[in-house]
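Reviewing the structure listed below.
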Amino acid sequence: MTRMRRSPGVKAGKKRDRRHRSRGSRRSSGRDNSPAEKRPAAAMSDASGPDLSSPALRSREVKNLLEGIGTPTPAPFKPDPFQLEALAALEFEDVLVTAPTGSGKTWIAREEMRRLLQAGRRVWYTTPLKALTNSKYQEFIEEFSDEHVGILTGDRKENADAPLIVGTTEIYRNQLFDSLRGGEQVRADLIVLDEAHYLSDPDRGHVWEEAIILTPPRIRLLLLSATIGNAHEFATWIQEVRGVRCGVVSRPGARPVPLRSAFLLPDKRLLPLLNPSGKLNSEIMSMLPQERDNRDGGRRRRY
């Protein structure tokens, strides 16, 4: 019996998933039990861009922050080299794609799914979140029509015999267990594991481990993530446990759509989160809890 080395885990890159970000924000904000509607929130704008004539947005800093936001000029789509590289590699091997958010990782999956569906093959697209699963389900219905797309989550089961199934990773893993118990083949030719860095999650990571290990070698794997810092080590482990070569395709550089951070105050004023020198806005800094000496223990304490 072959001994399988345990997965190396996933080292986070510069970005972290939403769950880690939300934890970090709670730590940094100190104790805040005020109602959610009274807390400052990140500013949002619609596709047509913000109204810079509003009194709350007249400052030079805010105008600089929001400059250029709006609907981009229409232009013909041209795939990036990393997208074409990933598609070519999928013809022969498993592929792990690491690229910043907004780079077009889903386009790779969508084009490979299109090719397989046209050839009468079957695909599973998995995500770690029900909300993301529902979103991808609607996206793929618009792309491939509702008769070709089904969804399987803990509380939704629609068109389960469709050639393209969108579901949570746990549901796919459960189907692998069912196929082992029943001695049946998993009905799929490609498995897409979106947000593959969840393998390092302390509570749910074993699900991704089991899904990778139990997926038959005849089924191609496409793993997508923006936050893997040790991609080649991860790919080597996948190759060892599956006996199938796993290539790594990366997109270098920063995210193509830069983030702009702002802070909406209770009085409806909008402040850039950072000043021109890249430091936290002084007005926002003044609202943060201050550290004071704890006379009893001599330790630093936040109030």
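Laboratory data are not the source of any read-out in this text; all were calculated from the coordinates shown. Treat the numbers as computed from the prediction; the structure is a model and nothing was measured. Note: ideal-geometry Cβ built from the backbone for every residue, glycine included; neighbour counts use all protein chains shown.
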Within the stretch 81-250: Cβ-based charge dipole about Cα centre, in debye rounded to nearest 20 (Lys, Arg +1; Asp, Glu -1):
240
Rounded Å value of the spacing that divides the Cα centres of the stretch 183-259 and the stretch 77-150:
14
When the Karplus curve 6.51 cos²θ - 1.76 cosθ + 1.60 is applied with θ = phi - 60°, which whole-Hz ³J(HN,Hα) does each residue of the stretch 164-174 get, with x for Gly and Pro?
10, 10, 10, x, 6, 4, 4, 5, 5, 4, 5
So what's Rg/Rh here for the stretch 81-250, counting alpha carbon atoms and using the Kirkwood radius for Rh?
0.92
Among N174, A88, L193, flag the residue with its Cα farthest along the positive direction of the charge dipole of the stretch 79-194, charges on Cβ as +1 for Lys/Arg and -1 for Asp/Glu.
N174
